[in-house]
Structures are given as structure tokens and as C-alpha cells.
Amino acid sequence: MKSFCDTRLEFFRFASFESLPVTPPDYEYLRKLLKYHSGLDLSADKQYLIESRLLPLSQKAGLSGISELVQKMKGGAASIATQVVEAMTTNETFFFRDKVPFEHFRDSIMPQILRARASRKSIRIWCAAGSTGQEPYSLATCLKEMSTAIAGWRIEILATDLSQEVLEKSRSGIYSQFEVQRGLPIQMLLKYFKQVGELWQINPDIRAMVQHRQLNLLHDFSALGAFDVIFCRNVLIYFDQDTKINTFNRLARATEPDGFLVLGAAETVVGLTDAFKPCPQRASLFRPGAARATPTKMPAVGVVAPKVAVMASL
Ligand SMILES: C[S@@+](CC[C@H](N)C(=O)[O-])C[C@H]1O[C@@H](n2cnc3c(N)ncnc32)[C@H](O)[C@@H]1O
């Protein structure tokens, strides 16, 4: 699992040591592969990222380097391609990341949704790139804190991610001392976690509130149905503009007309689509617009599938 700090370190490691080169044709092949299978839009100067993430993978697979890794994929090694796509995801996350969206969730989103759903008493929440679980479990603890207001309600939290590796960690609900110190107030740590040796495990009742499922946002997710709240934070920043627009348009169709979309601090729909409208005075919060654009078919325009066997799990 790779964090933002890892990415910075990778850059400095690349900048300070001579490293094995990735050839321009291999780089081009990998760029297309990643864009097609995960939406990751690598600029022309990210060789250091490819090398620092894929050299360990090639070593682990007993290969001589990135060229051989690429040759294997061209020869149809789908499992290697899956590992390459996973290795290139950035999984940085922490509890109550950016704080404000969780305050909006508690003070603005939930009161409105509780009023609107008073007759059916059920709420659906989707964490669309939940990574190692800190985001969906932050939501689950917020809900636990409002247990009087939601007594008797059916509340679903679905956490999805492209990466099986992060989903496994999320399912386990086990975190290091460092991870629980990032964003989680100490009272909540003591209230909702149990110490197991040097690690902390989230309590079973909170864990049971979150369902997990592997899901690639590039693929059709209409079968999931409509959600009252979608958290889709810090993943669309890695996509190019066409892929972002396409994803927003499909997310709009997966959001109840009076529901909410919550994006990362650096993300917005403004200038991209009318499928969502920003909520005034509520940074990172969006509601479906009157116009729900028809999604274009994936992959986005100009993306050609590189030659590799079908990757069933992606
Ligand atoms: C930077 S993390 C964000 C985690 C969390 N939402 C947050 O803001 O703290 C981005 C996550 O998006 C996932 N991801 C990348 N591409 C994806 C795709 N095409 N479909 C679904 N998830 C994807 C990665 O595996 C990673 O776990």
C-alpha cells in the first residue's frame, strides 16, 4: 500500500540514485495499460514512479526488470497485469481526512437525509474508493455517535476499491499505532478500537456496519442501485478530464435526486459537468443537478486497450 509520503520518497530515491531505465516504448505501453484498466493518467515524466513501484514487483516475480514484466504482459500474463495495476494505485488515506466533510456529514447531510427518508427508514452510503478502510470506518463511527437518531433505521455502508489488497486490510479493520494516530481523536480510539499487541482492531459492531466489494469505477456500476450519499474522494484526481466527466455522469445516476456526492478537497465538478451542482458554503459537497448527462461508453475517447489477456478482476 502506497501513501503520498511513499510517492515523495520514490521521487527522491529516483532523483538521487542511478536506477534501471524504463525504455520509452515500455513506458508508453504501461501508460496505456494503466489508463485503460484503472484510469490512472500518467504524465510523460513519471518514470521514477513506474520504476520505484514496478522494480520490486519484477524482482518478486523473479524477472530481470521492467522490460521482462512488459514482455510477460504482452504475452498475456493477466495476473502480472493485475499486480502492475494494483502496485500503481496510491492508497493514501487516514481517519476523518480533511475533517470538514465529516462535520458536513454529521451536521448537514445526515439531518437532511433522516428527514427525507423518515417513512422508509433506510439509508444507503457508498465509499467509492475506500482504500484501507479509514474513510468508511470514520463514517461508521459518526453514525454510531448518532445512534439515538438512527435507532430502528437500516443503514448500509458499502466500501469499494479497485485494489483487492487494500480491501483485505479494510475488511480486517486492523491498524498500526501510526495509522490510528492520523486523524482519529484519542477518545474515539479508546471507544471504538481494541489494542491487539502493537496493533489496534476496530470493534466488531463498527466493522459489521461496513460491507466490502471490489469495484473498478471505470466499469458499469449501475447494478449497485441508488445511494443517498456517495463519498468518492481523492481518486478522480488521477483520471484525465474525459474519464472524470464520464465517471461524474455515472455517479449522478447512482445518486438519489436529493442525495449527496462528497469529493476530495482538490476535486470539483465545476467546469466539467452539470450532472452535479456544488452546495453553497459546503466545500466538497455536491448534489445531483437537473441535467443528468448520458454517460459515454468506457474506455474514454482515445484510450486503446494495450495487448494483454482479459483481466477478469479489474
Ligand atoms: C488516494 S486513495 C483515497 C482513499 C480515500 N477515499 C480517501 O480520500 O482517503 C485512492 C484509492 O482509489 C483506488 N482506485 C484507483 N483507481 C480506481 C478505480 N479505477 N476504481 C476504483 N478505485 C480506484 C485506489 O486503489 C486507492 O485505494
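Each reported figure results from applying straightforward, stated rules to the coordinates on display, with no laboratory input. Here the structure is a predicted model, which means the values were calculated and not measured. Cβ coordinates were reconstructed from backbone atoms using ideal geometry, including for glycine residues, and neighbour counts include every protein chain displayed.
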Amide H contacts under 5 Å for Phe231, restricted to residues at least 5 apart in sequence or on another chain and with H modeled in the peptide plane, are Trp126, Cys127, Ala128, Val262
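Going from the alpha-carbon gyration tensor of the chain, what semi-axes, largest first and in whole Å, does one get by taking the root of 5 times each eigenvalue? Mind showing how you got there, number by number?
Details: eigenvalues 239, 118, 55 Å².
The answer is 35, 24, 17 Å, longest axis first.
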Once the piece of chain linking Ser122 and Gln164 is laid out straight, how much longer is it, given 0.36 nm per residue of separation minus the C-alpha distance between them? 12.3 nm
Along the range 191-204, Karplus-curve 3J(HN,Hα) (6.51, -1.76, 1.60; θ = phi - 60°) to the nearest Hz, with x for Gly and Pro, reads 7, 10, 10, 10, 7, 10, x, 8, 10, 10, 10, 5, 4, x
Would you calculate, for the chain, the mean residue ellipticity at 222 nm contributed by helices, counting each DSSP H stretch of 4 or more residues as -39,500 (n - 2.57) and dividing by all residues, to the nearest 500? -11500 deg cm²/dmol
If the limit is 23 Å between Cα atoms, which of Lys121/Lys277; Lys60/Lys169; Lys144/Lys277; Lys169/Lys244; Lys99/Lys277 go over it? Lys121/Lys277; Lys144/Lys277; Lys169/Lys244
Rounded tilt (10° steps) of 78-87 against the dominant C-alpha axis of the chain: 60
Non-local amide H neighbours of Thr255 (under 5 Å, H modeled in plane, Pro and chain starts lacking H): which ones? Phe227
At a Förster radius of 22 Å, what calculated FRET efficiency corresponds to the Cβ-Cβ distance of Ala283 and Glu145, to the nearest 0.05? 0.50
Between Asp205 and Asp107, what is the spin-label point distance in nm, taking each point 7 Å from the Cα along the Cα→C-beta axis? 2.6
Rounded to the nearest 10 degrees, what's the angle between the helix 24-38 long axis and the longest principal axis of the chain, both from Cα atoms, 0 to 90? 20
Once phi for every residue in the range 72-77 is put through the Karplus expression 6.51 cos²θ - 1.76 cosθ + 1.60 (θ = phi - 60°), the whole-Hz ³J(HN,Hα) values, with Gly and Pro written as x, are 4, 5, 4, x, x, 6
Calculate how steeply helix 134-145 sits against the longest principal axis of the alpha-carbon atoms of the chain, using the helix alpha-carbon long axis, and give the answer as 0 to 90 degrees to the nearest 10. 10
How far is the Cα center of the range 34-52 from the Cα center of the range 99-144, in Å? 33
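Suppose the chain between Ala226 and Ala290 were pulled fully straight at 0.36 nm per residue; how much longer would it get relative to their current alpha carbon spacing? All intermediate terms of the calculation are to be shown ahead of the outcome.
Details: separation 64, 0.36 × 64 = 23.04 nm, distance 1.62 nm.
Here the answer is 21.4 nm.
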Reachable aspartates and glutamates from Lys46, Cα under 12 Å, same-chain residues fewer than 8 places away excluded? Glu10, Glu28
Listed residue (Gln59, Pro111, Leu236) projecting farthest to the positive dipole end of the chain, Cβ model: Pro111
Cβ crowding within 10 Å averaged over residues, with 128-134, 200-206, 186-192, 159-165 ranked highest first: 128-134, 159-165, 200-206, 186-192
Note on the chain: contact order normalised by length, alpha-carbon pairs under 8 Å, 6 or more apart, percent, works out to 20
